[in-house]
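The block underneath contains the structure these notes are about, expressed in structure tokens.
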Amino acid sequence: MTMPEMLEGSVAAHPAAHLLEFMGRHYSYAEVLCDARAFAAGLQKLGIGKGDRVGMFLPNAPIYVAAYYGAMMAGAIAVNFSPLYTVEELEAQVEDSGTRLLVTLDVPALLPTACKVLDQSSLQTLVVGRLADMLPWAKGAALRLFGRKSTMAVPRRRDVLTWNSMVVRAMPEPVQLDAEKDIALLQYSGGTTGVPKGAMLSHQNLTANARQVDAIDPFRTGPDIIMGVLPLFHVFANTCVLNRTVVKGGCLAMLPRFDAGQALKTMERVEATAFPGVPTMYQALLDHPRLASTDFSSLLVCISGGAPLPEPLHQRFEEASGARLVEGYGLTESSGVVSTNPYDGENRHGTIGQPLPETRIRLLDKEDPTRDAPPGEPGELAICGPQVMQGYWNRPEAAAAAFAMRDGERWLRTGDIAMLDPDFYIRIVDRSKDMITVGGFKVFPSQVEEVLLRHPCVKEVLVIAVPDDYLGERPAAFVTLAECSPPTDGEKLCNWANTHLGKHERLQRVEIRESLPKTPIGKLDRKALRREVLGEG
């Protein structure tokens, strides 16, 4: 099944039903399909077609859904970019992907960054949606009149178009798509090296994973209203919130960013039945004073991912909300989801649950991935299923290294060391990757180190994860100094670096040292530093 077929099938089944709820305004399935087709026709008018890349630099907003599905209807490949990116990060991924057209909003957090990338990269066209146009009439009118600090004027340039001037209210030209072979989405992942790589996800990868997630849902009757506070640019929300809702015929109540008070208020107002999130979101809800007065009676299930879920947090949230909270696991390279604890059944703490339907798993020998791990021993988790990516964009060597060939099949190597409990519950026992998980967002030490090395006073640097009570983990840097004038200290370096890093990458601290641990061949030894600082073995 292709992505346009998936959307069109749901529209045919219930055209008048609400697909989106945004700040009090509803968008029907038929309306979203019309907007997506108008965007696709607009792309075709600009000469963008099959195989071209169309980027979204957007928060959760209705325009995201229309651009996402519309790009695919035109045969283009959608590319997700985090709205937290700096100019340097966005420019690097725009260049790597060859994105021709980028969609963003007229807000100060996005538009200036997008315009700088337009000037500095091979990006050809910027399309800007107006936030006021997506809100209920009264809120939109108030924003136009009084929201001068919340929105910005769209630059008058030939290569900058407003959404309303770009879309074409007509049927797009039909495009032949092969669900198995044609790429629908480039989703960037740092992988094990920290170098961003675009996972190539086919139409079938995405629609299969949405159907897999829907298949394990036991709640087949009654309303289906899912809270969309997870960012849709992230693969977790892309599958578990957006695509799964389209398959199921439910309604997505979206917020442009997570705010605990607003999330609780919206959850109660729309009578949400599901709330996917990361552990820090559930902690923030528990900490908010509005929690005690919130009516959770409609809420059935919450899905936690992106980072390990502490058991005390798990218990406290279930007691406070009365809803089921389950933990799952996935990767960018698997379209989002590999396994989850059952919504209705044993929720085994410390595990990532059981594989989704049609998903097979095996444990590879930690030293030799051409062999399976000995029975009963931990091994590298490998997966095979319809949701597994086609490879990495323009990185055939990295793609080859990501897979192990067994019995003529490609098995995706996750880099995580796991064991199998009875009944095929999967237990991650070690993390071989160096990535840092900050509130569900992935931060790669090498990228933070690269920023610090730009400072003239920094000679060497290692970045590791350190515990954080709220976000789970934060990056901390350990540096040695070169001779420079004026001299610097850790606090100054930290403040300087944080002005050049994305919000989720910002350092907890910078510690200056006389030397950093090294391996016998002189390579900086991150493992030894973690052992010294954190007492890890």
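The values are calculated or read from the model by the stated rules, or taken from the named source; none is laboratory data. What you see is a predicted model, and the numbers here were worked out from it, not measured in a lab. Cβ: placed from backbone, ideal geometry, glycine included. Neighbour counts: every protein chain shown.
Points to keep in mind about this one:
- The condition of being hydrophobic (A, V, I, L, M, F, W, C), surrounded by fewer than 21 Cβ atoms within 10 Å (Cβ to Cβ) and under 30 Å from Gln390 (Cβ atoms) holds for only one of Ala260, Ala284, Ala215, that being Ala215.
- Candidate set from the stretch 353-394 (those that are modelled with pLDDT of 95 or more and basic (Lys, Arg)); member that is nearest to Thr239 (Cα to Cα): Arg360
- Looking across the stretch 189-205, the residues that are modelled with pLDDT under 95 and out of contact with any Phe, Trp or Tyr (no Cβ under 7 Å at 6 or more places or on another chain) come down to Ser189, Gly191, Thr192, Thr193, Val195.
- Only residues that are surrounded by 16 or more Cβ atoms within 10 Å (Cβ to Cβ), over 25 Å from Asp133 (Cα atoms) and of a type in the set (A, V, I, L, M) were counted in the stretch 1-33, giving 2.
- Hits in the stretch 280-335 - residues which are of a type in the set (Phe, Trp, Tyr) and either part of a helix (DSSP H, G or I) or touching a strand residue (DSSP E or B) at 6+ places or on another chain (Cβ under 9 Å) (or both): Tyr282, Phe317, Tyr329
- Inter-residue pairs, beta-carbon under 6 Å, first within 25 Å of Gln204 (Cβ to Cβ) and in the stretch 325-352, second among the aromatic types (Phe, Trp, Tyr), 6+ apart: Gly336/Phe236; Val338/Tyr329; Ser339/Tyr329; Ile352/Tyr329
- The criterion of at least 2 residues that are over 21 Å from Leu529 (Cα atoms) is met, among strands (runs of 3 or more DSSP E) falling completely within the stretch 400-451, by 403-406, 409-420, 426-431.
- Restricting the stretch 442-467 to residues that are at pLDDT below 85 and in contact with an Asp or Glu (Cβ under 9 Å, 6 or more places away or on another chain), the residue that is nearest to Glu511 (Cα to Cα): Pro445
- In the stretch 1-22, the residues that are among the hydrophobic types (A, V, I, L, M, F, W, C) and either assigned to a strand (DSSP E or B) or free of Cβ contacts under 8 Å to residues at least 60 places away in the same chain (or both): Val11, Ala12, Ala16, Leu19, Leu20, Phe22
- Those strands (runs of 3 or more DSSP E) of the stretch 178-253 in which 2 or more residues are polar (S, T, N, Q) and closer than 29 Å to Glu397 by Cα occupy 183-189.
- Where a residue in the stretch 138-158 is modelled with pLDDT of 90 or more and its partner, wherever it lies, is of a type in the set (Ser, Thr, Tyr), with Cβ under 7 Å and at least six apart: Leu143/Ser150; Leu143/Thr151; Val154/Thr162
- Some residue of the stretch 184-199 being touching a strand residue (DSSP E or B) at 6+ places or on another chain (Cβ under 9 Å) and closer than 26 Å to His18 by Cβ: yes
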